[in-house]
Amino acid sequence: MNCAVLLCHAGVAPLDLVAVTTASGARCFSCLSVAWGFISDVDIESEKYRHMGAARFTLGTLVRLASMHTYRGRLSYLPAADATAHRPSPGSPPPSSASILPQPSFSFEPGLGELPAGGAGEARVGGPPDELLVPLGQPVPVSWVTVEDDFVLVLAIYQSHLGADLFAAPFARFDDGLVHLCFIKAGISRAALVRLFLAMEKGSHFEQECPHLVHVPVRAFRLEPLTRKGILTVDGERVEYGPIQGQVHRGLARLVTGVSRLKIATG
């Protein structure tokens with residue numbers, strides 16, 4: 001019923017998507033997150049407890065805390081230099097606008113003969129080009145920042161909530177044109193990690209001033225796992241393990257909302 005009411009209101013807002021490229025060259029568009037380490041471990045390993053409903057994540061977290069792993073990796077990113085100055089407060093409403101959402105000038109249909117690297121028979125997805133990225137086999141541009149370290153988790157998220165009770169990025173907006181890159185470095189205690197996740201329920205984890213927690217607003221990123229085994233997820237689904245990179249495309253999708261502040265252009 002709620003969805004039917006939203007459709008009747010015909011409220012539409014722009015939604016950022018992130019073009020993600022995996023080690024094999026496969027490309028997809030993500031609307032939520034890319035995760036590696038603790039969060040992706042819990043997400044995938046708790047599948048065996050799916051019959052427990054949402055409690056599976058609580059149990060999965062406790063199991064993973066008991067045997068907390070760290071992962072060596074190289075994380076590179078293109079910082080969004082103007083993001084801090086324009087960061088909205090968590091409670092601020094979305095800006096009103098009478099703008100018209102233009103129709104995309106590109107197609108998501110794959111081009112003829114476009115195949116991912118490696119010669120696989122699956123066609124590459126279309127969409128706008130990733131002008132901020134270079135192929136995974138090449139070094140990142142000199143304007144990027146690179147951190148090589150041991151991580152407990154790496155999370156690239158573009159929405160405020162990772163789940164109903166995980167207010168992971170309270171300053172994120174549907175169309176802010178940012179990837180909120182969050183990572184926790186090795187050395188954090190189990191107790192401190194639990195405190196962060198408890199605070200995340202209200203979005204106050206960044207107020208904990210934990211020295212191991214880092215947040216950087218970026219336009220593009222690359223993650224190169226140096227640990228041989230691990231789990232990578234895109235929007236909560238497991239993907240091939242290996243180097244992965246992404247770039248945000250602002251307002252690429254349309255989101256049906258309860259606020260009719262924008263309209264899709266017709267004709």
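The values are calculated or read from the model by the stated rules, or taken from the named source; none is laboratory data. A quick note: this is a predicted structure, and the numbers were derived from the prediction, not measured. In this analysis, Cβ positions are derived from the backbone assuming ideal geometry, glycine residues included, and neighbour counts consider all displayed protein chains. Only protein heavy atoms, including side chains, enter the accessible area calculation; ligands, DNA and RNA are left aside. Shrake-Rupley method; radii C 1.70, N 1.55, O 1.52, S 1.80 Å.
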Accessible-area ranking of C8, C31, C210, largest first, probe 1.4 Å: C8, C31, C210
When the Karplus curve 6.51 cos²θ - 1.76 cosθ + 1.60 is applied with θ = phi - 60°, which whole-Hz ³J(HN,Hα) does each residue of the stretch 39-55 get, with x for Gly and Pro? 5, 5, 4, 5, 4, 7, 5, 7, 4, 5, 9, 4, 5, 8, x, 5, 5
If the chain between E148 and L226 were fully extended at 0.36 nm per residue, the gain over the current Cα-Cα distance would be 27.2 nm
Calculate one ³J(HN,Hα) per residue across the stretch 146-161 by plugging θ = phi - 60° into the Karplus curve 6.51 cos²θ - 1.76 cosθ + 1.60, and present them in order as whole Hz with x for glycine and proline. 10, 10, 10, 6, 9, 10, 7, 7, 10, 9, 9, 10, 10, 10, 6, 10
Inter-site label distance for H9 and Q159 at 7 Å from Cα along Cβ, in nm: 1.7 nm
Once amide H atoms are built 1.01 Å from N in the peptide plane, which residues 5 or more positions from G11, or in another chain, come under 5 Å H to H? T257
Compute the Cα gyration tensor for the stretch 166-241, then decide on rounded, prolate or oblate, letting a ≥ b ≥ c be the square roots of its eigenvalues: rounded whenever a/c is under 1.5, prolate when a/b is larger than b/c in the other cases, and oblate in all that remain. oblate
Using amide H atoms built in the peptide plane, which far-off residues or other-chain residues are under 5 Å from R72 H to H? F151, L226, T227
Shape call for the stretch 137-267, from the Cα gyration tensor axes a ≥ b ≥ c (a/c under 1.5 means rounded, otherwise prolate when a/b beats b/c, else oblate), comes out oblate
Three-way shape call for the stretch 1-64 based on the alpha-carbon gyration tensor, with the a/c threshold at 1.5: oblate
